[in-house]
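Colleague: Dropping the structure in here first, questions after.
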Amino acid sequence: MDETVVAAIIGALAGLFGSIPLSFLSYRLALQKFESETRLENQLRFIITKMLLSEEWESRSFETIKGLLPGIPDDELRKCLIAAGAVSSRRKDGKEMWTHLERIEKFGRSKLDSA
């Protein structure tokens, strides 16, 4: 066999066996990142759901929720609220309020809007 062909085959095999571990490592790192982000999102949804289904309040202001969950950007927090089954409304004074859908079914929308 020609030396060039042998060198090409060795180079191809080295590249193949070198890329497999790197691909596997890349996959594992991406999976860990996904699991970490998913775990955080699930925890946030759980906390928000518990907070909004509390018998003490019919709804919560966005500012109160934001104060209890610091470090989350406003838009990301709103996405988490929606994912947890919450809907927003505005009080007469313009304050942004969030209510879980189950609370709306229990109290009715008009009572919550007047709060």
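Colleague: Among all stretches of the chain without exposed GluC sites (Glu not before Pro) (DSSP loop, at most 16 other Cβ atoms within 10 Å), which one is longest?
Modeller: Within the chain, the longest run free of exposed GluC sites (Glu not before Pro) spans 57-115.
Colleague: Right, here's the next one. Relative to the longest principal axis of the chain, what angle (0 to 90°, nearest 10) does the C-alpha long axis of helix 3-52 take?
Modeller: Its long axis makes an angle of about 10 degrees.
Colleague: Please sort by residue number the trypsin sites (Lys or Arg not before Pro) in the range 6-115 whose DSSP state is loop and whose Cβ has at most 16 other Cβ atoms within 10 Å.
Modeller: For trypsin sites (Lys or Arg not before Pro) across the range 6-115 that sit outside H, G, I, E and B with at most 16 neighbouring Cβ atoms in 10 Å, the list reads ARG91, LYS92, LYS95.
Colleague: Let me ask something else about it. Which of these values of Cα extents along the principal axes in Å was calculated from the structure shown: [x] 87, 23, 21; [y] 82, 22, 21; [z] 70, 26, 20?
Modeller: [x]
Colleague: Running a GNM on the chain with Cα contacts under 10 Å, which residue among ILE20, ILE72, ILE104 ends up with the highest mean-square fluctuation?
Modeller: Comparing ILE20, ILE72, ILE104 in the GNM, the peak value goes to ILE20.
Colleague: Tell me, what is the percent relative contact order of the chain, built from C-alpha pairs under 8 Å that lie six or more residues apart?
Modeller: Numbers: 78 pairs, mean separation 27.1, N = 115.
In percent, rounded to a whole number, it is 24.
Each value in this text was obtained by applying a stated rule to the coordinates, not by laboratory testing. It should be emphasised that the depicted structure is a prediction, and the values quoted were computed from it without experimental measurement. All Cβ positions, even for glycine, are placed from backbone atoms using ideal geometry, and neighbour counts span all protein chains on display.
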